[in-house]
Amino acid sequence: MHPSRTTILLACVAVVTMTSIGMSTFSLFLPPIETEFGWSRAMATVPYTVSMIGWAVGAVLFGKIADDFGTRAMAVILVVSGLLVYSITGPDARLRAGLLAASPSAP
């Protein structure tokens, strides 16, 4: 038995809502981030800006891949490449990449 189109649509809406909550609530956490780390507004919004640029580039790139090869091929490429990068880098490298994105002067 296949799920109905309405069920699929509602599931997709739920996933998009859950994954975009971080982007929608960033402005709520901005003042505490500024005071906690002593950063200016410009410095505190760098990670958000970088992620928005990544979303824009990714939307164009992965939309083209999905159009050319289909959504299943795109999903396989994304999952395999993500797992490969995750397995190559150690936890220390991932932590440092996050700190570097937050502050260029991180150790």
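The values are calculated or read from the model by the stated rules, or taken from the named source; none is laboratory data. Predicted, not measured: the structure shown is a model, and the values here were computed from it. Because the Cβ atoms are built from the backbone with ideal geometry, glycine has one as well, and the counts that use them run over all protein chains shown.
Details
- Residues that are in contact with a helix residue (DSSP H, G or I) (Cβ under 9 Å, 6 or more places away or on another chain) and more than 19 Å from S20 (Cα to Cα) within segment 45-66 comprise I65, A66, listed in sequence order.
- Residues in segment 41-51 that are free of Cβ contacts under 8 Å to residues at least 12 places away in the same chain and surrounded by 10 or more Cβ atoms within 10 Å (Cβ to Cβ) were compared, and the one that is farthest from V79 (Cα to Cα) is R41.
- Residue count for segment 78-107 satisfying the condition of being over 29 Å from W39 (Cβ atoms) and at pLDDT below 85: 8.
- All helices (runs of 4 or more DSSP H) inside segment 40-91 with 1 or more residues being closer than 27 Å to S27 by Cβ: 41-44, 46-69
- All positions within segment 10-33 that are surrounded by 11 or more Cβ atoms within 10 Å (Cβ to Cβ) and either among the β-branched types (V, I, T) or at pLDDT 90 or above (or both): L10, A11, P31, I33
- Meets criteria (among the aromatic types (F, W, Y), in contact with a helix residue (DSSP H, G or I) (Cβ under 6 Å, 6 or more places away or on another chain) and free of Cβ contacts under 8 Å to residues at least 60 places away in the same chain) for Y86: no
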